[in-house]
Structure formats: structure tokens, C-alpha cells
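**Q** Handing you a structure now.
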Amino acid sequence: MEKKVVLITGGSSGIGRTTGIFLKKKGYTVYGTTRNLAKNPDFTDFNLLELDVTTTASIEAAVTRLIEAEGRLDILINNAGVGITGPIEETPIAEVHKTFDTNYYGPLRMLQVVLPYMRKQGAGLIINITSIAGYMGLPYRGIYSASKAALEITTEALRMETKAFGVTITNLAPGDFATNIAAGRYHAPVSGQSAYHSYEKTLKMINDDVDAAEDPIKVAKKIVGILEAKKPRVHYKVGTFMQKFSVVLKKFLPDKVYERLLLNHYKL
């Protein structure tokens, strides 16, 4: 049986790298991406392409190289993403644009380049990595939540549009996992002049949650489960029981009750 070819954006670290290593062990032909190959001279875990999800020309060049090498692309995992924290009032609009450019427009650019190949093949699977944070508006993470929520909803529509072509699209929403996302994200400066005095305390809580988070191998195993499913569902979640249960609670609790739970959790 021919090995399936997988492309993972943001594949040089974190969830992307862990997933790529795991899929390679499972027998998949894996290509990951990074914005700058020069910064990864010793990377040997799997094939690595230079690709910037904020630039269509970069995406087209990388996908063309992959197709020339393998002749096909079976699976796209839209994993590249950035974090952002801060009071919405004090977050520069330019930083909001940057976040959406990677977390939302980035996957859309990838889809628009990859889908023609998958339609021609008559088959393909695309997994959009979103976030459990995309199911709720979290204090001081509202922009991040919004970028992931937008991708969740877009996937619901696109999945129906591509069904006739044999292409399946699904979402996987992780909770907190031990990655380096905190190191690279934008966060509004903590300032004594800010009206949002609770931000510093909440930011520390967010960082502590990431530091104590689970191994991203759990995400990789969930992805393999999706790849092996005969009919992948629309939405998947992976994380601790409470992270996943928080989504269930939001469906059934009155809005103000759920809001109170979040306020209590963040001690606001």
C-alpha cells in the first residue's frame, strides 16, 4: 500500500513536530514547514519545507515542491498558529491583524492552494488545528479565541462545499499542551498605568497553565485516530477532562452562569 503524504504547517516545533515524528513512525510520508529553514540546519526528524502561511507565493512554492517530489498530497494539517494576550482595549489593531493573518487567513491560504490538487485526486483530508479556547470568550485571550472560533465555523461551511469532491475537512481543538507558544506570542505590556489591574495576575495563570500542561503526543495520537476514521466528524477536542467538559457546560448552562464560572476561575 502506498504511503500517504502528509503536510504539517508549523512543523519544526511543538505540536507540529511531535505529530510529524509520530506520523512518520506510523508509516506516513511527512513534510513539515517552517518560516525559515536557515534556523533549522540540523533538523532531521522528517522532510522540512520553507513556508510562510502569511504569504501565498511562499505556500505555492512549497506545495509545488512537495507535489513534484511525491506526485500527490493526501493530508494537510493546518497547525501553524500564534498566541496573543492582553486587554482588548489595549491591544494594538496591528497585532490583531497579525494574529488573524496566521491563525485564520493562513489556513485559508493553505486551503486555497491545496484544494485544487485534492479535487484532482478525488480524495484528501484536511485537519484544522483550532483550540478549545475557540469555543468561549476567555478574559485577556479574546483575540486568540476569536481567531480560532472563526476557523471552526469556516470549516463547518467548507466541509459541505468540498464533500462532492471526496475531500473531508475537520477541526481538532486542543486544550493546553506543553509547547513554546507562550515564548513567541504577543502580549500587551503589563503596565501600572493600565486600567486592567487583573491582567498581570491572569497572564501569570495562563503561563502557569501552559508550563504544567500535558505532552503534545496526546494531540498526535488523536490526529492518527482521525486519519484512521472512515468518516471523520466535524469537530474533535483533545485535552484534560475539565477542558473538554467546559465546552459541554457552555452548551447547557445559561450564559450568565457560565460567565460566572469563568470569572471565578480567573478570580476576576
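**Q** Among residues belonging to the stretch 76-103 that are touching a residue at least 60 places away in the same chain (Cβ under 8 Å) and among the polar types (S, T, N, Q), point out the one that is nearest to Thr155 (Cα to Cα).
**A** Only one residue fits best here, namely Asn78.
**Q** Count, please, the residues in the stretch 1-38 that happen to be touching a residue at least 12 places away in the same chain (Cβ under 8 Å), assigned to a helix (DSSP H, G or I), at negative phi and open to solvent by 10 Å² or more (accessible area, probe 1.4 Å). Lay out the reasoning, then the answer.
**A** At the first step, the residues of the stretch 1-38 found to be touching a residue at least 12 places away in the same chain (Cβ under 8 Å) are 3-24, 26-37.
Narrowing the set further to residues that are assigned to a helix (DSSP H, G or I) leaves 14-24, 37.
Still in the running and at negative phi: 15-24, 37.
Filter again for open to solvent by 10 Å² or more (accessible area, probe 1.4 Å), leaving 15, 17-18, 21-22, 24, 37.
Within the stretch 1-38, residues that are touching a residue at least 12 places away in the same chain (Cβ under 8 Å), assigned to a helix (DSSP H, G or I), at negative phi and open to solvent by 10 Å² or more (accessible area, probe 1.4 Å) number 7.
**Q** Then there is this: Please tell me if Glu2 is among the acidic types (Asp, Glu) and closer than 24 Å to Lys221 by Cα. Lay out the reasoning, then the answer.
**A** On the way: among the acidic types (Asp, Glu): yes; closer than 24 Å to Lys221 by Cα: yes.
Spelling it out, Glu2 is indeed among the acidic types (Asp, Glu) and closer than 24 Å to Lys221 by Cα.
Per-residue answers, yes or no, for (1) of a type outside the set (Ser, Thr, Tyr); (2) within 30 Å of Tyr140 (Cα to Cα):
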site: Thr34; (1), (2): no, yes
site: Asp45; (1), (2): yes, no
site: Leu49; (1), (2): yes, no
site: Leu73; (1), (2): yes, no
site: Asn78; (1), (2): yes, yes
site: Ile84; (1), (2): yes, yes
site: Ile93; (1), (2): yes, yes
site: Tyr105; (1), (2): no, yes
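**Q** Going by the conditions given, is Leu108 at pLDDT 95 or above and of a type outside the set (Phe, Trp, Tyr)?
**A** Details: at pLDDT 95 or above: yes; of a type outside the set (Phe, Trp, Tyr): yes.
Spelling it out, Leu108 is indeed at pLDDT 95 or above and of a type outside the set (Phe, Trp, Tyr).
**Q** Still on this structure, please answer the following. Taking the options Ile143, Ile153, name whichever one is closer than 25 Å to Asp255 by Cβ, open to solvent by 40 Å² or more (accessible area, probe 1.4 Å) and part of a helix (DSSP H, G or I). Step through it out loud before you land on a result.
**A** Working: Ile143 fails: open to solvent by 40 Å² or more (accessible area, probe 1.4 Å).
Checking each option against the conditions leaves just Ile153.
**Q** May I pose another question? Could you tell me which of the residues Leu125, Leu111 is closer than 21 Å to Leu51 by Cα, open to solvent by less than 40 Å² (accessible area, probe 1.4 Å) and out of contact with any Ser or Thr (no Cβ under 7 Å at 6 or more places or on another chain)? So that I can check it myself, show each step before the final result.
**A** Details: Leu125 fails: out of contact with any Ser or Thr (no Cβ under 7 Å at 6 or more places or on another chain).
Being closer than 21 Å to Leu51 by Cα, open to solvent by less than 40 Å² (accessible area, probe 1.4 Å) and out of contact with any Ser or Thr (no Cβ under 7 Å at 6 or more places or on another chain) holds for just one of Leu125, Leu111, which is Leu111.
**Q** Moving on to the next point. Within the stretch 196-268, considering only helices (runs of 4 or more DSSP H) that don't extend past its boundaries, which have at least 2 residues that are under 22 Å from Asp74 (Cβ atoms) and either in contact (Cβ under 8 Å) with a residue 60 or more places away in the chain or open to solvent by less than 90 Å² (accessible area, probe 1.4 Å) (or both)? Spell out the reasoning first.
**A** Details: elements: 199-211, 217-228, 241-252, 255-265.
Ranges flagged: 217-228.
**Q** Within the stretch 19-31, which residues are touching an Asp or Glu at 6+ places or on another chain (Cβ under 8 Å) and under 13 Å from Ile223 (Cβ atoms)?
**A** Within the stretch 19-31, Gly20, Ile21, Lys24 meet the criteria.
**Q** Now, a different point. Condition (residue is among the hydrophobic types (A, V, I, L, M, F, W, C), open to solvent by 60 Å² or more (accessible area, probe 1.4 Å) and assigned to a helix (DSSP H, G or I)) applied to the stretch 165-177: is it met by at least one residue? Spell out the reasoning first.
**A** If we filter the stretch 165-177 for residues that are among the hydrophobic types (A, V, I, L, M, F, W, C), which is where we start, we get 165, 167, 169, 172-173, 177.
Keeping just the survivors that are open to solvent by 60 Å² or more (accessible area, probe 1.4 Å) gives 165.
Next, only the ones that are assigned to a helix (DSSP H, G or I) stay: 165.
Yes, the stretch 165-177 has at least one match.
A quick yes/no check of all residues on (1) more than 25 Å from Val30 (Cβ to Cβ); (2) not hydrophobic (A, V, I, L, M, F, W, C):
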position	(1), (2)
Lys221	no, yes
Leu227	no, no
Phe241	yes, no
Phe245	yes, no
Val248	yes, no
Phe252	yes, no
Leu261	yes, no
Lys267	yes, yes
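**Q** Turning to a different aspect of this structure: Looking at the stretch 39-65, which of its residues are in a helix (DSSP H, G or I) and not acidic (Asp, Glu)?
**A** From the stretch 39-65, those in a helix (DSSP H, G or I) are 39, 56-65; that's our starting set.
Lys39, Thr56, Ala57, Ser58, Ile59, Ala61, Ala62, Val63, Thr64, Arg65, listed by residue number.
**Q** Could we say that Arg119 is more than 22 Å from Leu23 (Cα to Cα) and assigned to a helix (DSSP H, G or I) here?
**A** When the stated conditions are applied, Arg119 passes them.
**Q** Evaluate the stretch 180-203: report whether one residue or more is among the β-branched types (Val, Ile, Thr), touching a helix residue (DSSP H, G or I) at 6+ places or on another chain (Cβ under 9 Å) and at pLDDT 85 or above.
**A** Kept after step one, since they are among the β-branched types (Val, Ile, Thr), are these residues of the stretch 180-203: 181, 190, 202.
Still in the running and touching a helix residue (DSSP H, G or I) at 6+ places or on another chain (Cβ under 9 Å): 181, 190.
This time we only want the ones that are at pLDDT 85 or above, so: none.
No, because not a single residue in the stretch 180-203 is among the β-branched types (Val, Ile, Thr), touching a helix residue (DSSP H, G or I) at 6+ places or on another chain (Cβ under 9 Å) and at pLDDT 85 or above.
The values are calculated or read from the model by the stated rules, or taken from the named source; none is laboratory data. Please read all numbers here as calculations on a predicted model, not as lab measurements. Using ideal geometry, Cβ is built from the backbone for each residue, glycine included, and neighbour counts are taken over all protein chains shown. Heavy atoms of the whole protein, side chains included, go into the accessibility calculation; ligands, DNA and RNA do not. Shrake-Rupley method; radii C 1.70, N 1.55, O 1.52, S 1.80 Å.
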